[in-house]
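The structure appears right after this line, and notes come after that.
The values are calculated or read from the model by the stated rules, or taken from the named source; none is laboratory data. Quantities reported herein were computed from a predicted structural model and do not represent experimental measurements. Methodologically, a virtual Cβ is constructed for each residue, glycine included, from the backbone with ideal geometry; neighbour enumeration extends over all protein chains shown.
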Amino acid sequence: MALDLGIRILPVAVDGTRHVLPAKGAAVRTGQRVTVTVLPPIDPRAYGEERRKELTAEVRRAIMTALGQAKAPDASYGVTTSP
């Protein structure tokens, strides 16, 4: 959608929600901290339609880096090649 409209993507990293509402839980735990980090915008026009998967990987990489993930996906994330 951002590519189609030429609108910048604003990555947002949200950390700590697993402490508020665990994956297999139904009760919200109060008193827990959730951190929301708004990251610099990414202009999809720099990628174009032909590099859509690289754009997706860049957005994911930005979010994972903000969350302190050890390994962010590389530009080939989600890209499949045939032999």
Just for the stretch 28-64: of the residues that are of a type in the set (Ser, Thr, Tyr) and farther than 12 Å from Pro11 by Cα, which one is surrounded by the fewest Cβ atoms within 10 Å (Cβ to Cβ)? Thr30
Residue list for the stretch 1-15, restricted to those being part of a strand (DSSP E or B) and either more than 15 Å from Glu58 (Cα to Cα) or in contact with an Asp or Glu (Cβ under 6 Å, 6 or more places away or on another chain) (or both): Val14, Asp15
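Return a yes/no flag: does the stretch 16-27 have any residue that is among the polar types (S, T, N, Q) and either surrounded by 16 or more Cβ atoms within 10 Å (Cβ to Cβ) or in a strand (DSSP E or B) (or both).
Within the stretch 16-27, none of the residues are among the polar types (S, T, N, Q) and either surrounded by 16 or more Cβ atoms within 10 Å (Cβ to Cβ) or in a strand (DSSP E or B) (or both).
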Quick check on Asp43: is it acidic (Asp, Glu) and at pLDDT below 90? no
